[in-house]
Amino acid sequence: MDRQIESEIETIHSSREDRIRIGVYASIARSWIPVFIREFREREPGIVLDVKVGGMEEIYNWLYTGVIDIGFLSRSKKFSCDFIPLAEDPNFAVFPSTFPLEGKTTFPVKDLGDLPFIMPSFGGNRDVQTVLDENGVVPRKHTVNADDSTILSMVASGLGVSVFSQLVLDGNMENIQMLPLSPPSCRVLGMAVMTLRDIRPTQAEFIAYVKNKKL
């Protein structure tokens with residue numbers, strides 16, 4: 001083979017090896033990813049982390065089509081791939097600050113069926129729909145195609161109630177109140193890859209680093 005062609009192939013392989021492409025939920029991009037980038041850059045300054053933010057279906061689709069190497073999102077039975085669990089993210093019922101909770105310490109999922117309900121978007125709807133389905137609840141649902149902050153603003157304005165996870169709610173608590181659900185529920189967050197058998201050494205190193213983090 002021509003040496004120039006060999007050199008170009010080596011350059012392509014090298015550039016791919018030095019770049020890890022990840023897809024993440026917006027809530028994970030706000031909370032976990034800045035720490036991952038800073039700490040992993042200190043460990044491996046030659047490796048670049050490319051970040052794309054999306055919803056559940058987007059991220060799994062990016063994984064299937066080779067757009068990303070690793071997805072950070074919640075586990076879903078609908079999608080088939082290798083999934084490495086990292087943390088449980090508990091779900092909460094979310095209300096306007098004026099909503100009368102009358103000393104409750106938890107909120108029954110079944111009671112959500114009696115209230116106007118604003119469904120989260122961008123993948124969060126799948127996590128929340130699972131909670132509703134598991135409890136046989138069919139709320140008076142309004143679906144809003146907007147980011148989490150916008151939907152929480154609608155809740156704060158008294159347009160309805162909703163369900164969000166702890167990670168989403170961190171830093172987004174203005175003019176709202178929340179209670180743990182009864183029965184309790186959570187989404188499992190982790191890393192998804194098409195198959196652990198085919199990951200490259202740099203990806204394996206990054207995955208090992210994340211697994212050893214306290215999240």
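Tabulated data for the structure shown
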| item | result |
| --- | --- |
| Between region 20-35 and region 138-152, the alpha-carbon center distance in angstrom | 22 Å |
| Cα lying deepest toward the dipole's positive end in the chain, options 158, 29, 215, charges on Cβ | 158 |
| Selected from 160, 190, 113 as most flexible by GNM, with the chain as the system and alpha-carbon contacts under 10 Å | 113 |
| DSSP bridge orientation in the chain - percent antiparallel, rounded to nearest 5 | 55 percent |
| About the Cα centre, charge dipole magnitude for the chain (Lys/Arg +1, Asp/Glu -1 at Cβ), debye | 380 debye |
| Per-residue HN-Hα couplings for region 186-195 [Karplus 6.51, -1.76, 1.60; θ = phi - 60°; Hz; x = Gly/Pro] | 8, 9, 9, 9, x, 9, 10, 9, 4, 7 |
| Kirkwood hydrodynamic radius of region 88-187, Cα pairs, Å | 13.1 Å |
| Cβ-based charge dipole, the chain, positive-most Cα from 181, 49, 84 | 181 |
| DSSP bridge orientation in region 88-187 - percent antiparallel, rounded to nearest 5 | 60 percent |
| Vicinal HN-Hα couplings computed from phi for region 109-120 (Karplus, 6.51 cos²θ - 1.76 cosθ + 1.60; Hz; Gly/Pro x) | 4, 4, 6, 5, x, 9, 10, x, 10, 9, 7, x |
| Gain in span if fully extended, residue 88 to residue 174, counting 0.36 nm per residue against the direct Cα distance | 28.6 nm |
| Reachable aspartates and glutamates, given that their alpha-carbon falls under 17 Å from the alpha-carbon of residue 78 and they are not under 8 places away in the same chain | 57, 58, 127, 133, 134 |
| Amide H partners (placed H, <5 Å) of residue 87, local residues excluded | 189 |
| Pairwise centroid distance, computed over Cα atoms, of region 165-215 with region 58-137, Å | 12 Å |
| Over 33 Å [Cα-Cα, the chain], rounded percent | 26 percent |
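Values in this text are rule-based calculations from the coordinates and carry no lab data. Remember, predicted model here, so these are calculated numbers, not experimental data. Ideal geometry is used to build each Cβ from the backbone, glycine not excepted, and the neighbour counts take in all protein chains shown.
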